[in-house]
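Q: Below is a structure I'd like to ask you about.
The values are calculated or read from the model by the stated rules, or taken from the named source; none is laboratory data. What you are looking at is a predicted structure, and each value in this text was computed from that prediction instead of being measured. We place every Cβ from the backbone using ideal geometry, glycine too, and count neighbours over all the protein chains shown.
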Protein chains: 2
Amino acid sequence: MPTQPFDPVLELSDLVDGGDASAIAAFLHDLPPEETPYTISHITEERRTQMFSLLAESEPEFAADLMEHFDDAHAADIVGDLEPETAAAIVDEMDSDEQADVLGELPSEDAEAILDEMSPEEAIDARRRMRYDEDTAGGLMITEYLAYSVDQTVEAVADDLREHGDEYGEYEVRYIYSVDADHKLIGTVPMRRLVMSPRGTHVSKLILSDPIVVTVDTHVDELEDLFDRIDFSSVPVIDEAHKLVGVVQRHAVQEARGEAAEEDLAKFGGIVRGEELRSMPLASRAGRRLSYLLPISGLLMLSASVIHLFIETVEQVPVLAMFLPVVAGLCGSGGGQAVAVSMREISLGLIKPADLITVMGKEAAVAFIDGVILGVVLFLIVWIWQGSPVMGLVVGGSVPLVLITAKITGGCVPLLLRKIGLDPAMASGPVVTTVVDLVSFLVVLALATMMLASLTTPTT
Amino acid sequence: MPTQPFDPVLELSDLVDGGDASAIAAFLHDLPPEETPYTISHITEERRTQMFSLLAESEPEFAADLMEHFDDAHAADIVGDLEPETAAAIVDEMDSDEQADVLGELPSEDAEAILDEMSPEEAIDARRRMRYDEDTAGGLMITEYLAYSVDQTVEAVADDLREHGDEYGEYEVRYIYSVDADHKLIGTVPMRRLVMSPRGTHVSKLILSDPIVVTVDTHVDELEDLFDRIDFSSVPVIDEAHKLVGVVQRHAVQEARGEAAEEDLAKFGGIVRGEELRSMPLASRAGRRLSYLLPISGLLMLSASVIHLFIETVEQVPVLAMFLPVVAGLCGSGGGQAVAVSMREISLGLIKPADLITVMGKEAAVAFIDGVILGVVLFLIVWIWQGSPVMGLVVGGSVPLVLITAKITGGCVPLLLRKIGLDPAMASGPVVTTVVDLVSFLVVLALATMMLASLTTPTT
């Protein structure tokens, strides 16, 4: 018998059953990081709860670090299974932005129970942050930053850093912030300016001349553009009263955008709100998917009713039933390509609703070329297969016409949906598919009806 | 007549026609950053070339900063339109990772022409970097870092920083690296440790005890996992000989992942390689899209041939032509949902090919619930619309069966494609759609054939 290969899931299960928190921590510490989410999500739910309970007691900081391997909904799932007291020990050790995100995903009574058990300062901070939208600077900022009164010297700051260096592990330490007595932000000092300056220099002399500041309401899209333009790795966040309340780090913004792009992919595939994972409860998964499929079935019935209009033509030429889905499917794919390019150009900031005419022109040109080529190909295939050049003409001849409609629709729908405030990632697919189905059934069957005499006369 | 609203595209066009580089730079500097890519991409190509030629002469650094608003292919497009000498002036000023990315997107003779005009050191560096895959630490690193011999003191380092502070603007300055006489990496010193230390301390005393180093070949996926786990904002990169060659910054890794997620969305929509923008030449766009649509038309013909097998049933019950696309479309959407969830779980590291059975079970359960509900709905709609409960049974009864197949296929295909090394974002859609079309046509027509007697007898 071959020796058992190393199986981290089995290994971790055994360690959890053994109940030794430091052995679990040591094992997970040595595990390649890309294996961590997989391994933790593949032990049984009971063992996972047990594992985090053990770690919460002796290694709460490590347990908090582990949570960063999961997205917010998933981390909330894990935290929600723990006793409030245990959960609080872990949440206490999370970065302040992570705290609000994870607690925000929990049902509010569960979040409250955990907040009640947290250390008072952390809880106050987390509650305040949960009021901010997670797509704003307030939701993305961390509140661990270094602020010093404006009249301090480099020496005093350096002494404080030396003294409290250990506590500042999670802090934003690439900049220090100069504040007045009311904690209003006076300016930003890069850490490297401190290094370069004589010890007696006043912090006020080192402040950046061109300060960049955002407010708690600044949206993540604006933050992304800002970080694209500047070289700073973080910017200070102020509230309505101009008080310094936190720091948004570049990586927090980019993580948020990355998660948004991944959720867009899921929405594009028809997952409502984009956040399903298979570890979620069956009923919620089935409901989420059904809420997309039910309207789809209505739209499909609408398209089917076009075929109903021409049912006599289908009766006389039943072979049309074969080619209706071919034209609709092909042109639907072509429309999907135009949707994908528009979504990408929207996210790169290259098109706006005002560009509809340009988009239509560019899509029509591509569709004309590809439509003629695909039309000729289908004409030949259908002619050879069915032995009827007229049937070939009906199928192949519809393609350019339908593909132009499909690509123009596909290119414009995401822009129009965005303009009216709907989510293009979610709604573009069904809208375009329905239009393309309707048009392709209409064009193929209208052409077939016009040529009905030649279609029903055998050509052999 | 209302006054003309501010139109940055017109404004910039006028400025370019005016030919004053510093006025152009001032205008673009004041433009909200989210408007920048839009505005620059909407002036005519001639004006854009003219604008960058003007900026290259007097403001090459600003021109290089502007390029960061565009993705690599787009920036290469703009650079490729310039005279090699002009392009070289701008590329010289780009971050070293950006240089290789943009030059790598150009045809090699164009890239060579630009490299020949660049400053010799920058060109040598860029050539070396172009050898690395852009998905590796070698491709993502910057080569602007601070390295000091191991026997230097904090004072000597601080003096150097103070003296050359201006040149170090683009450098990674959050860490300094300690190297030996052969430029082999000895260790990393965080800038904040320098601040906290007396001036006479040797750099060697400040080196981090638990150094994190990657090699030029480390893949972006590994880098992402690494940065998830550690708090550092950058890690040093060494070559085969352990020499320090660059620094990978956290934001470079996250930008690469964000671009990959956006390209996945485009691939999911049927855009080969995921990188089309409408500013690209028509022939290349048409060709790229056609190379996806041609195989799709073949797959659709394959599905159509199933209908051909049952053509006699369709002849006797032509109304089936209406409902074949309904069942196929509905279950195709359901399969797409399963694809989207699998893609998301793969990218989050939550499933592997070994989990096929679990995925199948979870998808079957969801599909059973949604399939029965949707089946009942379709049964009722068809019964009422067509006045035939038997036709309702054929359509509604097929749904659970086909949806279970669709969701199992959709859940598994991305995993299987990944296992055999194909790109799941590109190929999952067509594979799943084809399987679902085949199965839905087969099931609906087989059921109809079995119940042919009741279907052809009017129930009224």
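Q: I'm told A:Asp370 meets every condition in (1) charged (D, E, K, R); (2) at pLDDT below 95; (3) buried (at least 22 other Cβ atoms within 10 Å of the Cβ) except one. Can you identify the failing condition by its number?
A: (2)
Q: The conditions are (1) in a helix (DSSP H, G or I); (2) out of contact with any Phe, Trp or Tyr (no Cβ under 6 Å at 6 or more places or on another chain); (3) in contact (Cβ under 8 Å) with a residue 60 or more places away in the chain; (4) more than 7 Å from chain A (Cβ to nearest Cβ), and B:Val306 fails exactly one of them. Which is it?
A: (2)
Q: Specify which of the listed residues (B:Asp30, B:Asp14, B:Asp72, B:Asp81) is in contact with an Asp or Glu (Cβ under 6 Å, 6 or more places away or on another chain) and outside the structural domain of B:Val237 (by TED's automatic domain parsing).
A: Working: B:Asp30 fails: in contact with an Asp or Glu (Cβ under 6 Å, 6 or more places away or on another chain); B:Asp14 fails: in contact with an Asp or Glu (Cβ under 6 Å, 6 or more places away or on another chain); B:Asp81 fails: in contact with an Asp or Glu (Cβ under 6 Å, 6 or more places away or on another chain).
Only one candidate passes the filter, namely B:Asp72.
Q: Just checking, which of B:Asp228, B:Asp217, B:Asp239, B:Asp180 is of a type outside the set (Val, Ile, Thr), farther than 27 Å from A:Ala158 by Cα and without any contact (Cβ under 8 Å) to a residue 12 or more places away in the chain?
A: Testing whether each residue is of a type outside the set (Val, Ile, Thr), farther than 27 Å from A:Ala158 by Cα and without any contact (Cβ under 8 Å) to a residue 12 or more places away in the chain leaves just B:Asp228.
Q: Please find, within the stretch B:266-278, the residue that is farthest from the other protein chains (Cβ to nearest Cβ) out of those that are among the aliphatic types (A, V, I, L, M) and surrounded by fewer than 23 Cβ atoms within 10 Å (Cβ to Cβ). Give the derivation first.
A: Initially, the stretch B:266-278 is screened for residues among the aliphatic types (A, V, I, L, M), giving B:266, B:271-272, B:277.
Okay, now just the ones that are also surrounded by fewer than 23 Cβ atoms within 10 Å (Cβ to Cβ), so B:272, B:277.
Numbers: B:Val272: 9, B:Leu277: 6 Å.
Among them, the one singled out is B:Val272.
Q: Check whether at least one residue in the stretch B:141-164 is among the basic types (Lys, Arg) and either assigned to a strand (DSSP E or B) or touching a strand residue (DSSP E or B) at 6+ places or on another chain (Cβ under 8 Å) (or both), and report yes or no. It would help to see each step written out before you state the result.
A: Let us first name the residues in the stretch B:141-164 that are among the basic types (Lys, Arg), namely B:162.
Narrowing further to those that are either assigned to a strand (DSSP E or B) or touching a strand residue (DSSP E or B) at 6+ places or on another chain (Cβ under 8 Å) (or both): none.
The answer is no; no qualifying residue exists.
Q: Please indicate, with yes or no, whether at least one residue in the stretch A:197-219 is at negative phi, acidic (Asp, Glu) and over 36 Å from the mean Cα position of the chain (by Cα).
A: Among the residues of the stretch A:197-219, not one is at negative phi, acidic (Asp, Glu) and over 36 Å from the mean Cα position of the chain (by Cα), which makes the answer no.
Q: Could you say which residue among B:Val431, B:Val435, B:Val366, B:Val341 is closer than 23 Å to A:Ala304 by Cα and either more than 12 Å from every other protein chain (Cβ to nearest Cβ) or part of a helix (DSSP H, G or I) (or both)? Outline the logic, then answer.
A: Values: B:Val431 fails: closer than 23 Å to A:Ala304 by Cα; B:Val366 fails: closer than 23 Å to A:Ala304 by Cα; B:Val341 fails: closer than 23 Å to A:Ala304 by Cα.
B:Val435 is the lone residue from the list that is closer than 23 Å to A:Ala304 by Cα and either more than 12 Å from every other protein chain (Cβ to nearest Cβ) or part of a helix (DSSP H, G or I) (or both).
Q: Kindly indicate whether any position in the stretch A:359-366 is surrounded by 23 or more Cβ atoms within 10 Å (Cβ to Cβ), in contact (Cβ under 8 Å) with a residue 60 or more places away in the chain and among the aliphatic types (A, V, I, L, M). Can you show your working first?
A: Initially, the stretch A:359-366 is screened for residues surrounded by 23 or more Cβ atoms within 10 Å (Cβ to Cβ), giving A:359, A:363, A:366.
If we keep only those that are in contact (Cβ under 8 Å) with a residue 60 or more places away in the chain as well, we get none.
No, there is no match, as no residue in the stretch A:359-366 is surrounded by 23 or more Cβ atoms within 10 Å (Cβ to Cβ), in contact (Cβ under 8 Å) with a residue 60 or more places away in the chain and among the aliphatic types (A, V, I, L, M).
Q: Is there a residue in the stretch B:114-134 that is within 24 Å of B:Val235 (Cβ to Cβ), in a helix (DSSP H, G or I) and modelled with pLDDT of 90 or more?
A: Scanning the stretch B:114-134 turns up no residue that is within 24 Å of B:Val235 (Cβ to Cβ), in a helix (DSSP H, G or I) and modelled with pLDDT of 90 or more.
Q: Can you find a residue that is modelled with pLDDT under 90, within 14 Å of chain A (Cβ to nearest Cβ) and either in a helix (DSSP H, G or I) or out of contact with any Phe, Trp or Tyr (no Cβ under 9 Å at 6 or more places or on another chain) (or both) anywhere in the stretch B:170-181?
A: Yes: the stretch B:170-181 contains one or more residues that are modelled with pLDDT under 90, within 14 Å of chain A (Cβ to nearest Cβ) and either in a helix (DSSP H, G or I) or out of contact with any Phe, Trp or Tyr (no Cβ under 9 Å at 6 or more places or on another chain) (or both).
Q: Given (1) more than 7 Å from chain B (Cβ to nearest Cβ); (2) at pLDDT 85 or above, where does A:Glu222 come up short, assuming only one miss?
A: The number of the failed condition is (1).
Q: Something else now. If you go through the stretch A:290-317 one residue at a time, how many are surrounded by 19 or more Cβ atoms within 10 Å (Cβ to Cβ), more than 23 Å from A:Thr409 (Cβ to Cβ) and touching a Ser or Thr at 6+ places or on another chain (Cβ under 9 Å)?
A: 2
Q: Next question, about the same structure. Determine, yes or no, whether A:Ile230 is of a type in the set (A, V, I, L, M) and either modelled with pLDDT of 90 or more or buried (at least 23 other Cβ atoms within 10 Å of the Cβ) (or both). Outline the logic, then answer.
A: Working: of a type in the set (A, V, I, L, M): yes; either modelled with pLDDT of 90 or more or buried (at least 23 other Cβ atoms within 10 Å of the Cβ) (or both): no.
No: the conditions fail for A:Ile230.
Q: With the checklist (1) buried (at least 18 other Cβ atoms within 10 Å of the Cβ); (2) over 29 Å from B:Ala73 (Cα atoms) in hand, flag the one item A:Ile408 doesn't pass.
A: A:Ile408 satisfies all of (1) buried (at least 18 other Cβ atoms within 10 Å of the Cβ); (2) over 29 Å from B:Ala73 (Cα atoms) except (2).
The rows are residues; the columns are (1) facing another protein chain (nearest Cβ under 9 Å); (2) free of Cβ contacts under 8 Å to residues at least 12 places away in the same chain.
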{"position": "A:Gly246", "(1), (2)": "no, no"}
{"position": "A:Arg250", "(1), (2)": "yes, no"}
{"position": "A:Asp264", "(1), (2)": "yes, no"}
{"position": "A:Met280", "(1), (2)": "no, no"}
{"position": "A:Ser291", "(1), (2)": "no, no"}
{"position": "A:Gly298", "(1), (2)": "yes, yes"}
{"position": "A:Pro325", "(1), (2)": "yes, yes"}
{"position": "A:Gly335", "(1), (2)": "no, no"}
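Q: To continue, here is another question. Take B:Gly392 and decide whether it is at pLDDT 95 or above and not in a loop (DSSP other than H, G, I, E, B).
A: Details: at pLDDT 95 or above: yes; not in a loop (DSSP other than H, G, I, E, B): yes.
Considered against the rule, which asks whether it is at pLDDT 95 or above and not in a loop (DSSP other than H, G, I, E, B), B:Gly392 comes out as yes.
Q: Okay, next question. I need the full set of residues from the stretch A:344-363 which are among the aliphatic types (A, V, I, L, M) and within 9 Å of chain B (Cβ to nearest Cβ), in order please. Break it down into steps so the answer makes sense when it comes.
A: Let us first name the residues in the stretch A:344-363 that are among the aliphatic types (A, V, I, L, M), namely A:346, A:348, A:350-351, A:354, A:356-357, A:359-360.
Correct list: A:Leu348, A:Leu350, A:Ile351, A:Val359.
Q: Then there is this: Is it the case that the stretch B:336-355 has a residue that's out of contact with any helix residue (DSSP H, G or I) (no Cβ under 8 Å at 6 or more places or on another chain) and either more than 29 Å from A:Ala425 (Cβ to Cβ) or not basic (Lys, Arg) (or both)? Please lay out each step first, then the result.
A: Of the stretch B:336-355, the ones out of contact with any helix residue (DSSP H, G or I) (no Cβ under 8 Å at 6 or more places or on another chain) are B:345, B:354.
This time we only want the ones that are either more than 29 Å from A:Ala425 (Cβ to Cβ) or not basic (Lys, Arg) (or both), so: B:345, B:354.
Yes.
Here is a yes/no grid of residues against (1) hydroxyl-bearing (Ser, Thr, Tyr); (2) over 21 Å from the mean Cα position of the chain (by Cα):
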{"position": "B:Phe268", "(1), (2)": "no, no"}
{"position": "B:Glu275", "(1), (2)": "no, no"}
{"position": "B:Ser279", "(1), (2)": "yes, no"}
{"position": "B:Ala283", "(1), (2)": "no, yes"}
{"position": "B:Ser291", "(1), (2)": "yes, no"}
{"position": "B:Gly298", "(1), (2)": "no, yes"}
{"position": "B:Met301", "(1), (2)": "no, yes"}
{"position": "B:Val319", "(1), (2)": "no, yes"}
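Q: Oh, and also: Can you tell me which residue within the stretch A:27-57, out of those that are closer than 16 Å to A:Gly80 by Cα and hydrophobic (A, V, I, L, M, F, W, C), is nearest to the chain's Cα centre (by Cα)?
A: Filtering the stretch A:27-57 down to residues closer than 16 Å to A:Gly80 by Cα leaves A:40-41, A:44-56.
Okay, now just the ones that are also hydrophobic (A, V, I, L, M, F, W, C), so A:40, A:51-52, A:54-56.
Details: A:Ile40: 22, A:Met51: 29, A:Phe52: 27, A:Leu54: 32, A:Leu55: 30, A:Ala56: 30 Å.
Looking at the filtered set, the residue picked out is A:Ile40.
Q: Then there's this: Across the stretch A:86-127, what is the number of residues that are within 23 Å of A:His251 (Cα to Cα) and touching a Phe, Trp or Tyr at 6+ places or on another chain (Cβ under 8 Å)?
A: Residues meeting the conditions: 2.
Q: Now for a different question. Would you pick out the residues in the stretch B:369-379 that are free of Cβ contacts under 8 Å to residues at least 24 places away in the same chain and at the interface with chain A (Cβ under 9 Å from one of its Cβ atoms)? I'd like the intermediate steps shown before the answer.
A: As a first pass, look at the stretch B:369-379 and keep what is free of Cβ contacts under 8 Å to residues at least 24 places away in the same chain: B:369, B:373, B:376-377, B:379.
Selection gives B:Ile369, B:Ile373, B:Val377.
For every residue, the table says whether it meets (1) under 24 Å from B:Leu226 (Cα atoms); (2) in contact (Cβ under 8 Å) with a residue 60 or more places away in the chain; (3) of a type in the set (Gly, Ala, Ser).
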| residue | (1), (2), (3) |
| --- | --- |
| A:Val16 | no, no, no |
| A:Ala23 | yes, no, yes |
| A:His29 | yes, no, no |
| A:Phe62 | yes, no, no |
| A:Leu82 | no, no, no |
